[in-house]
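Here is the structure we will look at, set down as structure tokens.
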Amino acid sequence: MYGKETDYIMNTNLFERILVPTDMSAFSDLALRYALHFNERLGSKITLLHAEEISWLAADHPVGYYFENVPEARTALTKELHEYAASHVPATAGATTLFEDETPELAIVRIAHDIKADLIVMGTHGRRGIRRAILGSVAEYVLRETDIPVMTVNPARFAPGGSIGIRTVLCPVNFTHIARAALDQASAIAESFGAQLVVMHVCEGSEPRLFSDVQSEFGIWVDPQMRARTQYKEIVVHGHAAEQVLAVADQIDADLLVIGAQHKRFADTTVIGGTTEKITRFAKRAVMTVIRKAHAAQASAAAA
């Protein structure tokens with residue numbers, strides 16, 4: 001392990017608007033706690049979104065049923081969301097609440113775009129299952145369809161009532177454009193929270209690379225301005241990328257992993273890489289995914 005340490009500079013423009021999808025259950029509480037942590041430190045504005053498709057209630061009923069029952073259900077859920085916010089968000093923080101009569105995954109992506117959110121913070125079940133339930137179908141859809149950073153937390157892997165904070169940030173890099181974007185984000189977070197930044201690279205393959213070679217590549221690849229302003233350390237390990245990232249996260253007790261994800265075209269949709277999926281599913285700590293959509297990557301490649 002080696003590195004360089006400097007004083008940090010607070011970035012007050014980081015994450016000005018945060019979207020927090022909630023189902024108003026204990027499952028969503030951890031995501032809201034992280035958003036409130038950003039609010040306390042950075043003054044981020046929080047929007048609490050509850051989305052639930054209730055129009056289907058009237059699908060097999062006469063038109064009159066819709067007018068009598070769906071508006072009432074919408075009013076009740078809007079009231080419940082207000083009450084949830086009042087009981088979970090300090091008055092000093094404040095929060096905007098939105099109820100949308102729409103499937104959660106569609107509403108999250110749309111509303112995040114509409115309010116120009118800088119970050120989406122949401123829970124993920126992290127379970128295996130059919131269709132897209134590996135990360136929880138909603139979280140997987142959001143990761144696949146948005147280009148806004150997504151911070152996922154799995155309540156099942158956090159100690160109930162345990163404290164949260166951002167003291168150590170781990171950022172795996174592979175010397176690509178999306179890895180640089182993730183490192184820029186990780187650096188800004190570390191500066192704003194006075195956290196230590198650990199930058200790691202995993203050498204995969206049968207022939208391990210020389211430490212000195214990777215050290216030289218780090219020196220060239222890392223932005224000199226970041227080196228001058230951010231307290232950070234560098235780690236080089238060998239092995240399977242996802243497994244090593246998770247192992248190092250445990251070893252250094254990282255509070256937050258910041259990873260880059262490149263959307264890839266597959267038929268008429270996009271997919272997230274296997275390393276990103278495994279880290280997000282199995283991490284015992286918060287994971288922020290910095291996303292680059294497939295069309296953006298194509299445009300960048302054409303300009304290069």
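Here are the numbers:
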{"quantity": "Contour excess over end-to-end distance, with Cα ends at ASN13 and HIS113 and 0.36 nm allotted per residue", "calculated": "34.2 nm"}
{"quantity": "Links that overshoot a 27 Å alpha carbon limit, given the list LYS233/LYS278; LYS45/LYS278; LYS45/LYS79; LYS79/LYS116", "calculated": "LYS45/LYS278"}
{"quantity": "R0 of 41 Å, Cβ-Cβ distance GLN215-LYS284: FRET efficiency to nearest 0.05", "calculated": "0.90"}
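Computed from the coordinates by the stated procedures, all read-outs in this text should not be read as laboratory data. Please read all numbers here as calculations on a predicted model, not as lab measurements. Positions of Cβ are backbone-derived with ideal geometry, glycine not excepted, and every protein chain shown enters the neighbour counts.
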